[in-house]
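Novice: Before anything else, here's the structure in question.
The values are calculated or read from the model by the stated rules, or taken from the named source; none is laboratory data. All of these numbers come straight from a predicted model, not from anything done at the bench. Here Cβ is always computed from backbone atoms with ideal geometry, including for glycine, and neighbour counts include all displayed protein chains. Heads up: the accessible areas ignore ligands, DNA and RNA and are worked out on the full protein's heavy atoms, side chains in. Shrake-Rupley method; radii C 1.70, N 1.55, O 1.52, S 1.80 Å.
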Amino acid sequence: MKPRPVYKQRHDNITLAQANAIIAAAFAKGADLGLKPLGIVVLDPGGHMIAFARADGASTLRPQIALGEAGGALGMGMSSRKIGDMALERPTFAASLEPIAPHGVIPAAGGVIVVDDGGKPIGAVGVTGDTSDNDEICALAGIAAAGLKVQG
């Protein structure tokens, strides 16, 4: 099998080809680590779904959780891990986000913002199914494999 090409960012948002590359690489990382079945979503910078895939055996709430991680990250301008940290310090504020966020907000690692070379958000990835730390590892691996960058 030929290696997949690295996709260069030339648009204001993640392309479908890049989203599919992210998902494939994130699933591959999960398989390499022996993780539970994952659900993976890729959103454009406006929070609209570009692509989603759920592994065989993944539980039924995985689409909603992945959307809440990635959409919450975009909505707050920070990774879902940082939202989780903020929620510990400001629980009332964090709780108030749920009713106003289109996809909800999941305050746990697994949702990361993807940026262009200038640091502008071009989308987000949400991965769910295993521990939050492992989910984030898979998201980062998928983004890197597509030749894209994560918000610093």
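Novice: Out of all the residues in segment 27-56, which are assigned to a loop (DSSP other than H, G, I, E, B) and open to solvent by less than 70 Å² (accessible area, probe 1.4 Å)?
Specialist: Correct list: Gly34, Leu35, Pro37, Leu38, Asp44, Pro45, Gly46, Gly47, Ala55.
Novice: Going through Ile106, Ile100 one at a time, which residue ends up being crowded, with 24+ Cβ neighbours inside 10 Å and not in a helix (DSSP H, G or I)?
Specialist: The unique qualifying residue is Ile106.
Novice: Of everything in segment 116-136, what is open to solvent by 70 Å² or more (accessible area, probe 1.4 Å) and either of a type outside the set (D, E, K, R) or more than 14 Å from Leu33 (Cα to Cα) (or both)? Give them in sequence order.
Specialist: Residues satisfying the conditions are Asp117, Gly118, Lys120, Thr131.
Novice: Among the residues in segment 87-97, are any buried (at least 23 other Cβ atoms within 10 Å of the Cβ), at pLDDT 95 or above and either farther than 17 Å from Ile137 by Cα or in contact with a strand residue (DSSP E or B) (Cβ under 8 Å, 6 or more places away or on another chain) (or both)?
Specialist: There is no residue in segment 87-97 that is buried (at least 23 other Cβ atoms within 10 Å of the Cβ), at pLDDT 95 or above and either farther than 17 Å from Ile137 by Cα or in contact with a strand residue (DSSP E or B) (Cβ under 8 Å, 6 or more places away or on another chain) (or both).
Novice: Does at least one position in segment 58-77 carry a residue that is among the aliphatic types (A, V, I, L, M), free of Cβ contacts under 8 Å to residues at least 40 places away in the same chain and not in a helix (DSSP H, G or I)?
Specialist: Quick first cut of segment 58-77, residues among the aliphatic types (A, V, I, L, M) only: 58, 61, 65-67, 70, 73-74, 76.
Then drop every residue that is not free of Cβ contacts under 8 Å to residues at least 40 places away in the same chain, which leaves 61, 76.
Going one step further and asking which of them are not in a helix (DSSP H, G or I), we end up with 61.
Yes, segment 58-77 contains a residue that is among the aliphatic types (A, V, I, L, M), free of Cβ contacts under 8 Å to residues at least 40 places away in the same chain and not in a helix (DSSP H, G or I).
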